[in-house]
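*Asks:* Structure in structure tokens, see below.
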Amino acid sequence: MRSDFGYYWNQHFPKHTLKYCAFGGAITYNFRTIFLELDFGIELATFLASAIIWVVALYWSRKYKVLRPVYTVASIIPVLPGTYAFNAMVTLISINRFGAKPELVELFIHDGLKSISILFAITFGLVLPSLYFLRLNRPVI
């Protein structure tokens, strides 16, 4: 939640968007937690939570006449893969310090790929709905 406020204050958005930035982060985190409890897997849960917050941010942006990334960027911060990326970097340092043992290399690859796949899930969760919904009202040519 603090990261949403930090993003908001750093970018100087209109004051009324602060509560929506924080609420969007809570929505995204809670939806991902619900999907994880339903055994969707962290990648799919993150993708679905990102897609849901995209729809909510589209509604807010049209209602309050503020750009959609104001809400979406602040809302995805709580679901960034910080733990997996941190563990991958710590393992990489351990590989450098103690040598390339198979267990360390396996752990580095696992955490690194997990963090990259979560980042891709966030990216596609924010991009694919816009390609689908916003393209319906525009001609292809």
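The values are calculated or read from the model by the stated rules, or taken from the named source; none is laboratory data. Bear in mind the structure is a predicted one, so any value in this text is a computation, not a measurement. FYI the Cβ positions are ideal-geometry reconstructions off the backbone, even for glycines, and counts take in every protein chain you see.
*Asks:* For residue 133, state whether it is among the aromatic types (Phe, Trp, Tyr), surrounded by fewer than 14 Cβ atoms within 10 Å (Cβ to Cβ) and at pLDDT 95 or above.
*Replies:* No, not satisfied.
*Asks:* Follow-up question, since we're still on this one. Residue under question is residue 139, and the condition is that it be modelled with pLDDT under 95, out of contact with any His (no Cβ under 9 Å at 6 or more places or on another chain) and surrounded by 15 or more Cβ atoms within 10 Å (Cβ to Cβ); does it hold?
*Replies:* No: the conditions fail for residue 139.
*Asks:* So, one more: Identify, please: which residue in region 40-62 is of a type in the set (Val, Ile, Thr) and within 17 Å of residue 132 (Cα to Cα) and is, among those, surrounded by the fewest Cβ atoms within 10 Å (Cβ to Cβ)?
*Replies:* For region 40-62, the residue satisfying everything is 55.
*Asks:* So is residue 49 at pLDDT 90 or above, among the aliphatic types (A, V, I, L, M) and either farther than 17 Å from residue 123 by Cβ or in contact with a Ser or Thr (Cβ under 7 Å, 6 or more places away or on another chain) (or both) or not?
*Replies:* yes
*Asks:* Can I ask one more? Conditions first: (1) among the basic types (Lys, Arg); (2) touching a residue at least 40 places away in the same chain (Cβ under 8 Å); (3) over 21 Å from residue 29 (Cα atoms). Residue 114 passes all but one, so which condition is the exception?
*Replies:* So residue 114 meets the others, but not (3).
*Asks:* What is the residue count in region 46-70 for residues that are without any contact (Cβ under 8 Å) to a residue 24 or more places away in the chain and of a type in the set (A, V, I, L, M, F, W, C)?
*Replies:* Summing the residues that are without any contact (Cβ under 8 Å) to a residue 24 or more places away in the chain and of a type in the set (A, V, I, L, M, F, W, C) in region 46-70 gives 1.
*Asks:* Residue 9 fails exactly one of the following numbered conditions: (1) modelled with pLDDT of 95 or more; (2) more than 22 Å from residue 128 (Cα to Cα). What is the number of that condition?
*Replies:* (1)
*Asks:* Here's something else I'd like to know. Have a look at 57, 45 and point out the one that is touching a Phe, Trp or Tyr at 6+ places or on another chain (Cβ under 6 Å) and under 27 Å from residue 13 (Cα atoms).
*Replies:* 57
*Asks:* Something else: Please verify whether residue 109 is at pLDDT 95 or above and of a type outside the set (Gly, Ala, Ser), treating the condition exactly as stated.
*Replies:* For residue 109, the condition - at pLDDT 95 or above and of a type outside the set (Gly, Ala, Ser) - is met.
*Asks:* I'm trying to understand the selection: among the residues of region 72-111, which are aliphatic (A, V, I, L, M), surrounded by fewer than 17 Cβ atoms within 10 Å (Cβ to Cβ), more than 23 Å from the chain's Cα centre (by Cα) and part of a helix (DSSP H, G or I)?
*Replies:* Within region 72-111, 92, 93, 95, 105 qualify.
*Asks:* A further question on this structure: Exactly one of these conditions fails for residue 65: (1) surrounded by 14 or more Cβ atoms within 10 Å (Cβ to Cβ); (2) modelled with pLDDT under 90; (3) of a type outside the set (Ser, Thr, Tyr). Give me its number.
*Replies:* All conditions are met except number (1).
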